[in-house]
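Okay, so here's the structure we're looking at.
The values are calculated or read from the model by the stated rules, or taken from the named source; none is laboratory data. Everything numeric in this text was worked out from a predicted model, so none of it was measured. Note that each Cβ is placed from the backbone with ideal geometry, even for glycine, and that neighbours are counted across all protein chains shown.
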Amino acid sequence: MPARRSQRTAKETAARPFFTLEWTGRHVRLLDQTLLPRRVRYLSIRDEKAMFEAIRALRVRGAPAIGVAAAYGLYLGTRNRRCRTAHEVRRHAASVAVYLGRSRPTAVNLFWALDRCAAALDSLPGDTDAEAALDRLLEEARAIEREDEETCEAIGRNGAPLLRGLRGVLTHCNAGALATAGQGTALSLFYTAARRQNFTVYVDETRPLLQGARLTAWELRQAGLDVRLITDNTAGTVLQRGMAGAVVVGADRIAANGDVANKIGTMPLAIVARYYKVPFYVAAPLSTLDPATRTGRNIPIEERGAEEVTRFGGTPVAPPGTRVFSPAFDVTPARLVTAIVTEAGVLRPPYRRSFAGALRTRG
Ligand code: MRU
(Lines give C-alpha, C1' and ligand atoms only; values in the text may rest on other atoms or scores of the structure.)
Protein backbone atom coordinates (compact mmCIF):
# COMPACT_ATOMS: atom_id res chain seq x y z
CA MET A 1 0.00 0.00 0.00
CA PRO A 2 1.65 3.25 -1.11
CA ALA A 3 2.43 5.77 1.66
CA ARG A 4 0.65 9.08 1.06
CA ARG A 5 2.92 12.12 1.03
CA SER A 6 1.10 13.64 3.98
CA GLN A 7 1.45 10.43 5.97
CA ARG A 8 4.56 10.44 8.14
CA THR A 9 6.52 7.21 7.95
CA ALA A 10 7.77 5.34 11.03
CA LYS A 11 11.32 6.54 10.38
CA GLU A 12 10.22 10.16 10.05
CA THR A 13 8.54 10.02 13.43
CA ALA A 14 11.38 8.09 15.12
CA ALA A 15 13.43 9.66 17.91
CA ARG A 16 16.48 10.29 15.70
CA PRO A 17 16.34 13.62 13.82
CA PHE A 18 17.23 11.94 10.50
CA PHE A 19 17.13 8.56 8.82
CA THR A 20 19.55 7.10 6.29
CA LEU A 21 17.03 5.41 4.04
CA GLU A 22 13.48 4.12 4.12
CA TRP A 23 10.96 2.28 1.97
CA THR A 24 7.90 4.47 1.39
CA GLY A 25 5.67 1.76 -0.08
CA ARG A 26 6.49 2.72 -3.68
CA HIS A 27 10.13 3.77 -3.72
CA VAL A 28 13.18 4.38 -1.52
CA ARG A 29 13.93 7.71 0.12
CA LEU A 30 17.51 8.24 1.06
CA LEU A 31 19.46 11.02 2.67
CA ASP A 32 21.95 12.50 0.19
CA GLN A 33 25.08 12.32 2.35
CA THR A 34 27.20 14.26 -0.14
CA LEU A 35 25.32 17.42 0.92
CA LEU A 36 25.87 17.01 4.66
CA PRO A 37 26.29 18.88 6.89
CA ARG A 38 25.15 21.89 4.85
CA ARG A 39 21.84 20.48 3.67
CA VAL A 40 19.50 17.70 4.74
CA ARG A 41 17.93 16.55 1.50
CA TYR A 42 16.22 13.26 0.76
CA LEU A 43 16.26 11.70 -2.70
CA SER A 44 13.55 9.48 -4.16
CA ILE A 45 15.06 6.41 -5.79
CA ARG A 46 12.76 4.61 -8.21
CA ASP A 47 15.01 2.37 -10.26
CA GLU A 48 18.29 0.50 -10.22
CA LYS A 49 20.14 3.13 -12.23
CA ALA A 50 19.40 5.83 -9.67
CA MET A 51 20.39 3.41 -6.90
CA PHE A 52 23.63 2.54 -8.67
CA GLU A 53 24.46 6.24 -8.99
CA ALA A 54 23.58 6.92 -5.34
CA ILE A 55 25.88 4.12 -4.14
CA ARG A 56 28.73 4.98 -6.53
CA ALA A 57 28.61 8.72 -5.67
CA LEU A 58 28.48 7.96 -1.89
CA ARG A 59 25.04 9.55 -1.48
CA VAL A 60 24.37 6.38 0.51
CA ARG A 61 27.52 4.83 1.94
CA GLY A 62 28.88 2.65 4.71
CA ALA A 63 28.91 -1.12 4.28
CA PRO A 64 25.59 -2.10 5.95
CA ALA A 65 23.64 0.80 4.37
CA ILE A 66 25.05 -0.11 0.95
CA GLY A 67 23.74 -3.67 1.49
CA VAL A 68 20.23 -2.44 2.35
CA ALA A 69 20.26 0.02 -0.57
CA ALA A 70 21.38 -2.69 -3.01
CA ALA A 71 18.59 -5.03 -1.88
CA TYR A 72 15.99 -2.32 -2.55
CA GLY A 73 17.72 -1.44 -5.83
CA LEU A 74 17.40 -5.07 -6.87
CA TYR A 75 13.67 -5.04 -6.16
CA LEU A 76 13.10 -1.73 -7.96
CA GLY A 77 15.10 -2.79 -11.02
CA THR A 78 13.30 -6.12 -11.26
CA ARG A 79 9.85 -4.64 -10.63
CA ASN A 80 10.31 -2.17 -13.45
CA ARG A 81 10.94 -4.97 -16.01
CA ARG A 82 7.27 -6.09 -15.90
CA CYS A 83 8.03 -9.81 -15.69
CA ARG A 84 5.24 -12.29 -16.54
CA THR A 85 6.57 -15.34 -14.69
CA ALA A 86 8.66 -16.11 -11.60
CA HIS A 87 11.30 -17.48 -13.95
CA GLU A 88 11.54 -14.06 -15.63
CA VAL A 89 11.74 -12.40 -12.21
CA ARG A 90 14.72 -14.62 -11.32
CA ARG A 91 16.41 -13.98 -14.67
CA HIS A 92 16.01 -10.19 -14.50
CA ALA A 93 16.97 -10.10 -10.83
CA ALA A 94 20.21 -11.91 -11.70
CA SER A 95 21.12 -9.30 -14.33
CA VAL A 96 20.18 -6.35 -12.06
CA ALA A 97 22.32 -7.91 -9.31
CA VAL A 98 25.35 -8.09 -11.63
CA TYR A 99 24.80 -4.43 -12.55
CA LEU A 100 24.47 -3.24 -8.92
CA GLY A 101 27.47 -5.34 -7.91
CA ARG A 102 29.65 -3.12 -10.09
CA SER A 103 28.81 0.03 -8.09
CA ARG A 104 31.36 -0.43 -5.30
CA PRO A 105 33.62 -3.48 -4.98
CA THR A 106 34.94 -3.52 -1.39
CA ALA A 107 31.95 -3.56 0.99
CA VAL A 108 30.99 -7.22 1.06
CA ASN A 109 27.57 -6.40 2.53
CA LEU A 110 26.51 -5.33 -0.95
CA PHE A 111 27.16 -8.82 -2.37
CA TRP A 112 25.88 -10.51 0.77
CA ALA A 113 22.54 -8.67 0.45
CA LEU A 114 22.20 -9.38 -3.28
CA ASP A 115 23.00 -13.09 -2.73
CA ARG A 116 20.49 -13.25 0.09
CA CYS A 117 17.75 -11.84 -2.16
CA ALA A 118 18.66 -14.31 -4.93
CA ALA A 119 18.49 -17.17 -2.42
CA ALA A 120 15.03 -15.98 -1.32
CA LEU A 121 13.84 -16.20 -4.94
CA ASP A 122 15.43 -19.61 -5.40
CA SER A 123 13.61 -20.97 -2.37
CA LEU A 124 10.14 -20.23 -3.83
CA PRO A 125 7.94 -23.17 -4.86
CA GLY A 126 7.76 -23.97 -8.59
CA ASP A 127 4.18 -22.73 -8.99
CA THR A 128 4.92 -19.19 -7.68
CA ASP A 129 3.68 -16.42 -10.00
CA ALA A 130 5.59 -13.25 -10.95
CA GLU A 131 3.76 -11.00 -8.48
CA ALA A 132 4.45 -13.30 -5.55
CA ALA A 133 8.11 -13.59 -6.57
CA LEU A 134 8.42 -9.79 -6.64
CA ASP A 135 6.70 -9.55 -3.26
CA ARG A 136 9.24 -12.02 -1.90
CA LEU A 137 12.10 -9.86 -3.20
CA LEU A 138 10.69 -6.78 -1.46
CA GLU A 139 10.04 -8.74 1.71
CA GLU A 140 13.71 -9.81 1.78
CA ALA A 141 14.94 -6.23 1.31
CA ARG A 142 12.70 -5.11 4.17
CA ALA A 143 13.96 -7.95 6.37
CA ILE A 144 17.58 -6.96 5.66
CA GLU A 145 16.80 -3.39 6.69
CA ARG A 146 14.93 -4.44 9.85
CA GLU A 147 17.61 -6.92 10.90
CA ASP A 148 20.31 -4.30 10.42
CA GLU A 149 18.59 -2.10 13.01
CA GLU A 150 18.54 -4.97 15.51
CA THR A 151 22.11 -5.93 14.68
CA CYS A 152 23.35 -2.40 15.35
CA GLU A 153 21.66 -2.38 18.76
CA ALA A 154 23.25 -5.72 19.65
CA ILE A 155 26.71 -4.53 18.55
CA GLY A 156 26.35 -1.50 20.83
CA ARG A 157 25.20 -3.67 23.73
CA ASN A 158 28.05 -6.13 23.29
CA GLY A 159 30.76 -3.52 22.80
CA ALA A 160 29.86 -0.75 25.25
CA PRO A 161 31.37 -2.57 28.27
CA LEU A 162 34.78 -2.36 26.52
CA LEU A 163 34.64 1.41 26.94
CA ARG A 164 33.80 1.43 30.64
CA GLY A 165 35.87 3.97 32.58
CA LEU A 166 37.40 5.60 29.48
CA ARG A 167 37.45 9.37 29.23
CA GLY A 168 38.14 9.45 25.50
CA VAL A 169 37.78 7.25 22.42
CA LEU A 170 38.86 7.75 18.84
CA THR A 171 37.13 6.83 15.58
CA HIS A 172 37.80 7.14 11.87
CA CYS A 173 35.40 7.71 8.96
CA ASN A 174 31.69 7.21 9.69
CA ALA A 175 30.45 3.91 11.05
CA GLY A 176 27.31 5.38 12.56
CA ALA A 177 23.61 5.70 11.91
CA LEU A 178 24.43 7.25 8.54
CA ALA A 179 26.27 4.08 7.52
CA THR A 180 23.53 1.64 8.52
CA ALA A 181 19.77 1.28 8.82
CA GLY A 182 20.13 1.44 12.61
CA GLN A 183 22.35 3.29 15.09
CA GLY A 184 25.62 2.25 13.47
CA THR A 185 28.40 -0.18 14.32
CA ALA A 186 31.40 1.62 15.88
CA LEU A 187 29.22 4.57 16.90
CA SER A 188 26.63 2.22 18.35
CA LEU A 189 29.16 1.43 21.10
CA PHE A 190 29.42 5.16 21.81
CA TYR A 191 25.64 5.73 21.83
CA THR A 192 25.13 2.81 24.20
CA ALA A 193 28.06 3.70 26.49
CA ALA A 194 26.94 7.36 26.62
CA ARG A 195 23.79 6.31 28.52
CA ARG A 196 26.03 5.48 31.53
CA GLN A 197 29.22 7.53 31.26
CA ASN A 198 30.67 10.76 29.90
CA PHE A 199 33.55 10.69 27.45
CA THR A 200 34.97 12.61 24.52
CA VAL A 201 34.91 11.19 21.00
CA TYR A 202 37.95 12.21 18.93
CA VAL A 203 36.83 12.12 15.31
CA ASP A 204 39.36 11.90 12.47
CA GLU A 205 38.25 14.25 9.71
CA THR A 206 38.95 11.40 7.22
CA ARG A 207 40.50 12.75 4.05
CA PRO A 208 39.74 13.00 1.22
CA LEU A 209 35.92 13.03 1.48
CA LEU A 210 35.69 14.03 5.14
CA GLN A 211 33.23 11.41 6.34
CA GLY A 212 34.50 12.09 9.87
CA ALA A 213 34.08 15.87 9.77
CA ARG A 214 30.93 16.03 7.65
CA LEU A 215 29.08 12.94 8.90
CA THR A 216 30.39 11.56 12.20
CA ALA A 217 30.76 14.95 13.89
CA TRP A 218 27.28 15.85 12.59
CA GLU A 219 25.48 12.79 13.85
CA LEU A 220 27.32 12.55 17.21
CA ARG A 221 26.64 16.21 17.96
CA GLN A 222 22.95 15.77 17.21
CA ALA A 223 22.93 12.93 19.74
CA GLY A 224 24.54 15.25 22.30
CA LEU A 225 27.92 13.48 22.56
CA ASP A 226 31.09 15.42 23.31
CA VAL A 227 33.00 15.59 20.01
CA ARG A 228 36.52 16.83 19.23
CA LEU A 229 37.21 16.91 15.53
CA ILE A 230 40.86 16.28 14.67
CA THR A 231 42.81 16.22 11.43
CA ASP A 232 43.87 12.71 10.47
CA ASN A 233 47.49 13.47 11.31
CA THR A 234 46.54 14.53 14.87
CA ALA A 235 45.39 11.00 15.78
CA GLY A 236 48.93 9.91 16.70
CA THR A 237 49.24 12.77 19.18
CA VAL A 238 45.86 11.95 20.75
CA LEU A 239 47.01 8.37 21.33
CA GLN A 240 50.50 9.38 22.48
CA ARG A 241 49.05 11.72 25.09
CA GLY A 242 46.64 9.08 26.39
CA MET A 243 43.62 11.21 25.46
CA ALA A 244 41.80 8.22 23.93
CA GLY A 245 41.73 4.86 25.73
CA ALA A 246 40.40 2.93 22.73
CA VAL A 247 40.10 3.20 18.97
CA VAL A 248 36.81 1.90 17.51
CA VAL A 249 36.23 1.70 13.76
CA GLY A 250 33.86 -0.07 11.37
CA ALA A 251 34.72 -2.42 8.51
CA ASP A 252 33.85 -2.89 4.87
CA ARG A 253 35.05 -6.47 4.63
CA ILE A 254 36.74 -8.81 7.07
CA ALA A 255 38.70 -11.69 5.54
CA ALA A 256 38.62 -15.24 6.94
CA ASN A 257 41.89 -14.65 8.85
CA GLY A 258 40.63 -11.44 10.52
CA ASP A 259 42.32 -8.88 8.23
CA VAL A 260 40.05 -5.82 8.07
CA ALA A 261 39.36 -3.56 5.08
CA ASN A 262 38.10 -0.16 6.20
CA LYS A 263 38.38 3.49 5.16
CA ILE A 264 41.85 4.54 4.04
CA GLY A 265 43.84 5.67 7.06
CA THR A 266 42.54 2.92 9.37
CA MET A 267 45.68 0.76 9.10
CA PRO A 268 48.19 3.44 10.15
CA LEU A 269 45.87 4.25 13.06
CA ALA A 270 46.02 0.59 14.17
CA ILE A 271 49.83 0.66 14.01
CA VAL A 272 50.03 3.77 16.18
CA ALA A 273 47.45 2.31 18.59
CA ARG A 274 49.58 -0.83 18.97
CA TYR A 275 52.71 1.27 19.54
CA TYR A 276 51.02 3.19 22.36
CA LYS A 277 49.25 0.06 23.70
CA VAL A 278 45.75 1.41 23.04
CA PRO A 279 43.17 -1.32 22.22
CA PHE A 280 42.02 -1.24 18.60
CA TYR A 281 38.44 -2.50 18.17
CA VAL A 282 36.53 -3.17 14.97
CA ALA A 283 32.72 -3.17 15.19
CA ALA A 284 30.88 -4.94 12.38
CA PRO A 285 27.90 -7.17 11.69
CA LEU A 286 28.52 -10.83 10.81
CA SER A 287 27.43 -9.91 7.26
CA THR A 288 30.77 -8.06 6.93
CA LEU A 289 32.72 -11.27 7.60
CA ASP A 290 33.69 -12.84 4.31
CA PRO A 291 34.81 -16.43 4.86
CA ALA A 292 35.29 -16.79 1.08
CA THR A 293 38.11 -14.22 1.13
CA ARG A 294 41.16 -15.91 2.64
CA THR A 295 43.22 -12.88 3.68
CA GLY A 296 43.27 -9.11 3.28
CA ARG A 297 45.40 -9.48 0.15
CA ASN A 298 42.38 -10.97 -1.63
CA ILE A 299 40.03 -8.06 -0.80
CA PRO A 300 39.32 -5.91 -3.87
CA ILE A 301 40.14 -2.30 -3.00
CA GLU A 302 38.19 0.42 -4.77
CA GLU A 303 40.16 3.30 -6.27
CA ARG A 304 38.52 6.70 -6.44
CA GLY A 305 38.81 9.48 -8.98
CA ALA A 306 41.69 11.99 -8.90
CA GLU A 307 39.42 15.01 -8.42
CA GLU A 308 38.47 13.80 -4.92
CA VAL A 309 42.10 14.54 -3.94
CA THR A 310 43.09 17.37 -6.28
CA ARG A 311 40.07 19.47 -5.31
CA PHE A 312 38.86 20.46 -1.86
CA GLY A 313 35.23 21.57 -1.66
CA GLY A 314 35.33 22.19 -5.40
CA THR A 315 38.51 24.33 -5.22
CA PRO A 316 41.67 23.01 -6.94
CA VAL A 317 44.45 22.33 -4.40
CA ALA A 318 46.97 20.66 -6.72
CA PRO A 319 48.55 21.73 -10.01
CA PRO A 320 46.37 20.86 -13.03
CA GLY A 321 47.14 17.38 -14.38
CA THR A 322 48.66 16.04 -11.11
CA ARG A 323 48.34 12.26 -11.04
CA VAL A 324 46.82 10.70 -7.93
CA PHE A 325 46.75 7.35 -6.10
CA SER A 326 43.50 7.20 -4.14
CA PRO A 327 42.46 3.82 -2.72
CA ALA A 328 39.20 4.22 -0.79
CA PHE A 329 40.18 1.57 1.79
CA ASP A 330 43.21 -0.05 3.38
CA VAL A 331 43.69 -3.39 5.08
CA THR A 332 44.58 -3.67 8.76
CA PRO A 333 46.36 -6.95 9.54
CA ALA A 334 44.44 -9.16 11.98
CA ARG A 335 47.33 -9.13 14.48
CA LEU A 336 46.72 -5.41 15.11
CA VAL A 337 43.01 -5.91 15.89
CA THR A 338 42.37 -6.38 19.62
CA ALA A 339 38.79 -7.65 19.12
CA ILE A 340 35.91 -7.57 16.65
CA VAL A 341 32.55 -6.59 18.14
CA THR A 342 29.60 -8.27 16.41
CA GLU A 343 25.94 -8.91 17.17
CA ALA A 344 26.99 -12.40 18.27
CA GLY A 345 29.47 -11.09 20.84
CA VAL A 346 33.05 -9.84 21.11
CA LEU A 347 35.30 -12.02 18.94
CA ARG A 348 38.96 -12.38 19.90
CA PRO A 349 41.97 -13.86 18.11
CA PRO A 350 42.56 -16.38 16.70
CA TYR A 351 39.86 -15.10 14.40
CA ARG A 352 39.46 -18.17 12.19
CA ARG A 353 38.26 -20.03 15.26
CA SER A 354 36.09 -17.26 16.74
CA PHE A 355 34.51 -16.55 13.32
CA ALA A 356 33.61 -20.22 12.88
CA GLY A 357 31.83 -20.20 16.24
CA ALA A 358 29.98 -16.92 15.53
CA LEU A 359 28.91 -17.95 12.03
CA ARG A 360 27.60 -21.24 13.40
CA THR A 361 25.29 -19.31 15.73
CA ARG A 362 24.02 -17.30 12.72
CA GLY A 363 23.26 -20.61 10.92
O1 MRU B 1 33.60 5.13 1.46
P2 MRU B 1 32.62 4.95 2.58
O3 MRU B 1 32.19 6.23 3.20
O4 MRU B 1 31.47 4.05 2.18
O5 MRU B 1 33.45 4.15 3.67
C6 MRU B 1 32.79 3.73 4.84
C7 MRU B 1 33.67 3.05 5.81
O8 MRU B 1 34.84 2.80 5.57
C9 MRU B 1 33.02 2.59 7.09
O10 MRU B 1 33.93 2.64 8.15
C11 MRU B 1 32.54 1.14 6.92
O12 MRU B 1 31.76 1.01 5.77
C13 MRU B 1 31.78 0.68 8.09
S14 MRU B 1 30.18 1.42 8.17
C15 MRU B 1 29.34 0.76 9.47
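Table for the structure above
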| read-out | value |
| --- | --- |
| Residue count for the stretch 54-81, restricted to those that are more than 17 Å from G25 (Cα to Cα), free of Cβ contacts under 8 Å to residues at least 60 places away in the same chain and within 16 Å of the ligand (Cβ to nearest atom) | 7 |
| Failed item, numbered, when I301 is tested on (1) within 12 Å of the ligand (Cβ to nearest atom); (2) among the hydrophobic types (A, V, I, L, M, F, W, C); (3) under 28 Å from E149 (Cβ atoms) | (3) |
| Test result for V272, part of a helix (DSSP H, G or I), closer than 26 Å to N198 by Cβ and modelled with pLDDT of 95 or more | yes |
| Residues within the stretch 269-289 that are under 17 Å from the mean Cα position of the chain (by Cα) and surrounded by 20 or more Cβ atoms within 10 Å (Cβ to Cβ), tallied | 8 |
| Lone qualifier among A113, A93 - being within 30 Å of G212 (Cα to Cα) and buried (at least 23 other Cβ atoms within 10 Å of the Cβ) | A113 |
| Conditions (1) surrounded by fewer than 18 Cβ atoms within 10 Å (Cβ to Cβ); (2) touching a residue at least 40 places away in the same chain (Cβ under 8 Å): number failed by N198 | (2) |
| Tally of residues being farther than 23 Å from A130 by Cα and not hydrophobic (A, V, I, L, M, F, W, C) across the stretch 57-75 | 5 |
| Which listed residue, of R221, R136, is in the same structural domain as R116 (by TED's automatic domain parsing) and away from the ligand (no atom under 16 Å from the Cβ) | R136 |
| Tally of residues being within 18 Å of the chain's Cα centre (by Cα) and free of Cβ contacts under 8 Å to residues at least 40 places away in the same chain across the stretch 222-268 | 0 |
| All strands (runs of 3 or more DSSP E) inside the stretch 311-352 with 1 or more residues being over 20 Å from the mean Cα position of the chain (by Cα) and of a type in the set (D, E, K, R) | none |
| Strands (runs of 3 or more DSSP E) contained in the stretch 1-93 and holding at least 2 residues in the same structural domain as E139 (by TED's automatic domain parsing) and either modelled with pLDDT under 95 or touching a Phe, Trp or Tyr at 6+ places or on another chain (Cβ under 8 Å) (or both) | 21-23, 28-31 |
| Filter result (closer than 20 Å to R228 by Cβ, of a type in the set (A, V, I, L, M) and more than 10 Å from the ligand (Cβ to nearest atom)) within the stretch 167-198 | V169, L170, L189, A193, A194 |
| Residue match in the stretch 225-246 (condition: closer than 17 Å to V337 by Cα and β-branched (V, I, T)) | no |
| Test: residue in the stretch 338-348 that is without any contact (Cβ under 8 Å) to a residue 40 or more places away in the chain and in the same structural domain as A283 (by TED's automatic domain parsing) | yes |
| Among (1) away from the ligand (no atom under 15 Å from the Cβ); (2) touching a Phe, Trp or Tyr at 6+ places or on another chain (Cβ under 9 Å); (3) more than 27 Å from N298 (Cα to Cα) - the single one R102 does not satisfy | (3) |
| In the stretch 231-245, residue surrounded by the fewest Cβ atoms within 10 Å (Cβ to Cβ) [restricted to those that are out of contact with any helix residue (DSSP H, G or I) (no Cβ under 6 Å at 6 or more places or on another chain) and of a type in the set (A, V, I, L, M, F, W, C)] | M243 |
